[in-house]
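Novice: Pasting in a structure now, in structure tokens, and then I'll have a few things to ask.
The values are calculated or read from the model by the stated rules, or taken from the named source; none is laboratory data. Worth saying up front: this structure is predicted, and the values here are computed from it rather than measured. Don't worry about glycine lacking a Cβ; one is built from the backbone with ideal geometry, like all the others, and counts go over all protein chains shown. These accessible areas exclude ligands, DNA and RNA; they are computed on the full protein's heavy atoms, side chains included. Shrake-Rupley method; radii C 1.70, N 1.55, O 1.52, S 1.80 Å.
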Amino acid sequence: MPDLFTSLDLRETTLPNRLMVSPMCQYSVDARDGLATDWHLVHLGSRAVGGAGLVMAEATAVEPAGRITPQDLGLWSDEHRDALARTAAFVREQGAIPGIQLAHAGRKASKSRPWAGSEPLAPADGGWETIAPSDRPWPYDAGATATRAMDESDIAGLIDAFRAAARRAREAGFLVAEVHAAHGYLLHEFLSPVTNERRDAYGGSFEDRTRLVREVTQAVREEWPDDRPVFVRISGTDWLPERDAWTVADSARLAGDLADCGADLIDVSSGGISPDSHPDWTGPNYQLALAEHVREATDIAVGTVGGITTAEQAEAIVRNDRADLAIVGREFLRDPYFGLRAADRLDARDRSPVPEQYERAFER
Ligand code: FNR
């Protein structure tokens with residue numbers, strides 16, 4: 001049996017296989033109110049039908065100012081919880097595990113959608129003031145969106161917002177909560193010396209820069225049932241070797257600390273902290289070495305994401321013990337049934353049954 005289609009136990013939650021749909025913003029909320037729509041049900045539901053073991057919903061803002069765009073999902077009221085419950089239930093009915101990424105976009109909030117240029121939105125155009133550890137905007141010359149350095153009460157409010165969103169995600173029926181601490185969004189902005197210029201308990205040393213991520217992870221863990229896993233997505237590196245920036249050694253150290261806070265898996269991505277913080281090359285497995293580094297340095301389970309497009313490639317990652325979970329983004333946009341096709345190619349159809357409704361299409 002291919003290792004990709006072996007189950008993965010995290011606490012008392014069993015992922016039926018090692019394929020996860022990466023969280024991907026859909027920018028598809030209609031009313032600028034953060035409520036899930038039919039798009040989210042169909043989009044996430046299709047990938048559960050399509051054989052993914054874990055379907056992770058997109059970056060979901062814990063408060064309105066934490067949205068990247070006005071069309072992002074939110075989870076700051078019970079109405080938001082109720083709008084998402086149907087999607088979580090449908091994913092479960094397909095035998096997949098529903099997860100949700102809890103997020104705050106920090107200084108990268110208040111933008112138009114990618115297909116409208118990802119431009120900073122001025123308040124007159126529906127934008128808002130962004131918050132960050134320090135008051136430098138993204139990008140550096142952004143005039144339209146003011147960025148304010150968070151004070152102590154903002155920080156306390158943020159931790160509470162993550163806690164409340166975790167409670168609502170639990171009530172909505174999600175089985176995995178992922179804290180988004182990557183890609184230059186708010187929690188990563190605290191981690192990285194590139195964006196964190198604070199001189200209080202939340203900036204300066206490694207311990208102080210990582211304090212907020214640890215406190216948020218602990219708050220989510222407190223709300224999350226003991227039998228369900230918590231993931232944290234990090235940027236394994238800032239890709240800025242010439243600067244005082246976040247490194248893979250920092251990531252390995254943080255992973256151990258997050259395990260102590262009750263995290264169960266580190267989802268290792270990279271980049272995003274500044275416009276020049278990205279890998280030179282984005283081919284197959286382009287972030288796998290980062291995940292491997294974290295995995296070798298700690299006992300915590302690790303997922304790798306980036307450039308995984310074939311069944312054989314995902315199988316090799318798991319079989320060669322390079323990561324516990326193969327996380328697939330864009331290939332799952334191109335092919336919602338990537339999981340079913342992978343099972344077919346690897347001769348694991350018994351482990352990943354085609355829905356009865358589709359059986360005739362998969363006959364040999
Ligand atoms: C993303 N990505 C992303 N990452 C994340 O942590 N939260 C998110 O909400 C999003 N949103 C998002 C939207 C879209 C349309 C894309 C294409 C990407 C990044 C994504 O999860 C993944 O890490 C990268 O796409 C790299 O993986 P692939 O695409 O090479 O498999």
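Novice: Does Asp227 satisfy being over 27 Å from Val91 (Cβ atoms) and either surrounded by fewer than 20 Cβ atoms within 10 Å (Cβ to Cβ) or among the small types (Gly, Ala, Ser) (or both)?
Specialist: Considered against the rule, which asks whether it is over 27 Å from Val91 (Cβ atoms) and either surrounded by fewer than 20 Cβ atoms within 10 Å (Cβ to Cβ) or among the small types (Gly, Ala, Ser) (or both), Asp227 comes out as no.
Novice: Something else: So how many residues does region 255-285 have that are open to solvent by less than 10 Å² (accessible area, probe 1.4 Å), out of contact with any helix residue (DSSP H, G or I) (no Cβ under 7 Å at 6 or more places or on another chain) and more than 16 Å from the ligand (Cβ to nearest atom)?
Specialist: Number of matching residues: 1.
Novice: Counting just the residues of region 175-194 that are open to solvent by less than 10 Å² (accessible area, probe 1.4 Å) and β-branched (Val, Ile, Thr), which one comes out farthest from the ligand (Cβ to nearest atom)?
Specialist: Val176
Novice: Could you tell me whether Gly95 is surrounded by fewer than 24 Cβ atoms within 10 Å (Cβ to Cβ), touching a helix residue (DSSP H, G or I) at 6+ places or on another chain (Cβ under 8 Å) and either on the phi > 0 side of the Ramachandran plot or of a type in the set (Val, Ile, Thr) (or both)? Spell out the reasoning first.
Specialist: Working: surrounded by fewer than 24 Cβ atoms within 10 Å (Cβ to Cβ): yes; touching a helix residue (DSSP H, G or I) at 6+ places or on another chain (Cβ under 8 Å): yes; either on the phi > 0 side of the Ramachandran plot or of a type in the set (Val, Ile, Thr) (or both): yes.
So Gly95 passes the test.
Novice: Oh, and also: Would you pick out the residues in region 2-23 that are under 23 Å from Thr60 (Cβ atoms), hydroxyl-bearing (Ser, Thr, Tyr) and more than 16 Å from the ligand (Cβ to nearest atom)?
Specialist: Hit for region 2-23 is Thr13, nothing else.
Novice: Further question: Of all residues in region 319-337, which are open to solvent by 10 Å² or more (accessible area, probe 1.4 Å) and hydrophobic (A, V, I, L, M, F, W, C)?
Specialist: Hit for region 319-337 is Leu333, nothing else.
Novice: Could you grab the pairs with beta carbons closer than 6 Å, sequence gap of 6+ or different chains, first residue in region 220-242 and over 17 Å from Tyr185 (Cβ atoms), second one within 16 Å of the ligand (Cβ to nearest atom) and not in a loop (DSSP other than H, G, I, E, B)?
Specialist: As it stands, the answer is Arg221/Val230; Trp224/Ala177; Trp224/Val230; Pro229/Val176; Val230/Ala177; Val230/Val220, since those pairs meet every condition given.
Novice: Within region 33-70, which residues are within 12 Å of the ligand (Cβ to nearest atom) and touching a Phe, Trp or Tyr at 6+ places or on another chain (Cβ under 6 Å)?
Specialist: Once the filter is applied, which keeps residues that are within 12 Å of the ligand (Cβ to nearest atom) and touching a Phe, Trp or Tyr at 6+ places or on another chain (Cβ under 6 Å), region 33-70 yields only Thr69.
Novice: With the requirement that a residue be more than 14 Å from the ligand (Cβ to nearest atom), open to solvent by less than 20 Å² (accessible area, probe 1.4 Å) and assigned to a loop (DSSP other than H, G, I, E, B), what does region 286-318 give you?
Specialist: Scanning region 286-318 gives a single hit, Ile300.
Novice: Does Asp347 fit the bill of being assigned to a loop (DSSP other than H, G, I, E, B), acidic (Asp, Glu) and within 16 Å of the ligand (Cβ to nearest atom)?
Specialist: no
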